[in-house]
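Colleague: Would you mind keeping the following structure in view while I ask a few things?
The values are calculated or read from the model by the stated rules, or taken from the named source; none is laboratory data. Since the structure is predicted, the reported quantities are computational estimates derived from the model, not experimental observations. Here the Cβ is made from the backbone with ideal geometry for all residues, glycine too, and neighbour counts use every protein chain on show. With ligands, DNA and RNA removed, areas are computed over all heavy atoms of the protein, side chains included. Shrake-Rupley method; radii C 1.70, N 1.55, O 1.52, S 1.80 Å.
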Amino acid sequence: MRQVFRFAPSPNGFLHPGHAFSALLNDRLARESSGRFLLRIEDIDTGRARPEFEQAIYEDLAWLGLDWERPVRRQSEHFDDYARALRRLNAMGLLFACDCRRSDIARAAQSRPDWPRDPDGAPHYPGSCRLKPNRSAAEILVTGGFALRLNMRRAVEQAGQGLTWREGETTVAADPSRWGDVILARKDTPASYHLAVVVDDAIQGVTDVVRGRDLYHATSVHRLLQRLLDLPEPRYLHHDLLLDASGEKLAKSRQAESLRDMRAKGVTADAIRQSLG
Ligand code: GLU
């Protein structure tokens, strides 16, 4: 069976050298294994995704000398697939509707100094809506307007023992409880990153997920969803992140210099490829 790799950027900013590193690594691993290299546009966040950023992704990757299979999967065209997965989880009794605001959660978290936090540092959801019987998840799937959360305790129970993933040559024990009751459908978008990435990797037959170390802990949630939804288990490899001069990871939100700014200054694609090894 041919190995399948993918690069899955979100079109909410211009690509920077960190993205180039990840895309080139996926492409190289695909070539070395005579595998396939896919590009996926992760644009479910319709408030932040912009067509000009998506266009720039195609241009920048082509400039780097990359080629990928067509058609490209654009998440915004596949909400039906995510809804199907949500209905299945709901039928298993694992979803509940939630209308809390971020500020409600922050307030709950302030009530105790040892309030649990997820691996990204965000406070756990306090569980208040689990107790509200007035809105069923089934109704929300039709009407929208509420977030849908995974009942983590029940989900972990149903998934059973021995949830692990393969990280390169090692086996890692997954620990999804560290994330609390994660959101699987948002108020404004009927899917979330965790849900869409798992559904898409399965639909696209991705065998090898190679991505930045910032998503290492998220893999615990992805493995849980794969087990619950009966999806195949890919291999994972989380690569180091490129850092800026102050030791922070390159990020759109920190105004990392984009590939197109570098190109405009006369940096060549070859120079970028060489500098990234
Ligand atoms: N869309 C995610 C990002 O741009 C990557 C998702 C993944 O590789 O799983 O950070």
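Colleague: Which residue fluctuates the most in the chain, going by a Gaussian network model with Cα springs under 10 Å, if the choices are D200, D261, D27?
Modeller: Top of the fluctuation ranking is D261.
Colleague: A further question follows. Could you pull out the GluC sites (Glu not before Pro) across the stretch 57-97 that fall in loop regions by DSSP (anything but H, G, I, E, B) with no more than 13 other Cβ atoms inside 10 Å?
Modeller: E69
Colleague: Sticking with this one: Within the stretch 78-173, list the trypsin sites (Lys or Arg not before Pro) lying in a DSSP loop whose Cβ has at most 12 other Cβ atoms in a 10 Å radius.
Modeller: Counting only loop positions with at most 12 other Cβ atoms within 10 Å, the trypsin sites (Lys or Arg not before Pro) in the stretch 78-173 are R101.
Colleague: Taking the chain as the reference, fit the longest principal axis to its C-alpha atoms, fit the long axis of helix 17-32 to the helix C-alpha atoms, and give the angle between the two in degrees, 0 to 90, nearest 10.
Modeller: 80
Colleague: In whole Hz, with x marking every Gly and Pro, tabulate ³J(HN,Hα) for the stretch 77-94 from phi via Karplus 6.51 cos²θ - 1.76 cosθ + 1.60, θ = phi - 60°.
Modeller: 9, 10, 4, 4, 5, 6, 5, 4, 5, 5, 5, 5, 5, 5, 5, 7, x, 9
Colleague: Any idea what the relative contact order of the chain is, in percent, if you count C-alpha pairs under 8 Å spaced at least 6 apart?
Modeller: 23
Colleague: Hey, in the chain, which Cys have no second cysteine's beta-carbon closer than 4.7 Å?
Modeller: C100
Colleague: With axes computed from alpha carbons, what is the tilt in degrees of helix 51-63 against the longest principal axis of the chain, rounded to the nearest 10 within 0 to 90?
Modeller: Helix 51-63 sits at roughly 40 degrees to that axis.
Colleague: Can I ask one more? Tally Lys/Arg at +1 and Asp/Glu at -1 over every other residue whose Cβ is under 10 Å from the Cβ of A269; what's the total?
Modeller: With Lys, Arg at +1 and Asp, Glu at -1, the neighbours total 0.
Colleague: Report H19's accessible area, 1.4 Å probe, all protein chains in place, as a number in Å² to the nearest 10.
Modeller: 30
Colleague: Divide by every residue of the chain the summed helix terms, -39500 (n - 2.57) for each DSSP H run of at least 4, and state the resulting mean residue ellipticity at 222 nm, rounded to the nearest 500 deg cm²/dmol.
Modeller: -10500 deg cm²/dmol
Colleague: Per the 1.4 Å probe, what fraction of the accessible area of the stretch 18-165, in percent, lies on carbon and sulfur atoms?
Modeller: 49
Colleague: Next question. What accessible area per residue comes out for the stretch 206-277, rounded to a whole number of Å², with a 1.4 Å probe?
Modeller: 52
Colleague: Select from the stretch 169-277 those trypsin sites (Lys or Arg not before Pro) which occupy a DSSP coil region and have at most 10 other Cβ atoms within 10 Å, ordered by residue number.
Modeller: Answer by residue number: K265.
Colleague: What is the sum of charges around R254, taking Lys and Arg as +1, Asp and Glu as -1, for the other residues whose C-beta is under 15 Å from the C-beta of R254?
Modeller: -3
Colleague: Could I ask something else about it? So what's the angle, to the nearest 10 degrees on a 0 to 90 scale, between helix 193-203 and the longest Cα principal axis of the chain?
Modeller: Compared with the principal axis, the helix lies near 70 degrees.
Colleague: Sticking with this structure for a sec: What number comes out for the charge environment of Q226, summing +1 per Lys or Arg and -1 per Asp or Glu over other residues with Cβ under 13 Å away?
Modeller: +1
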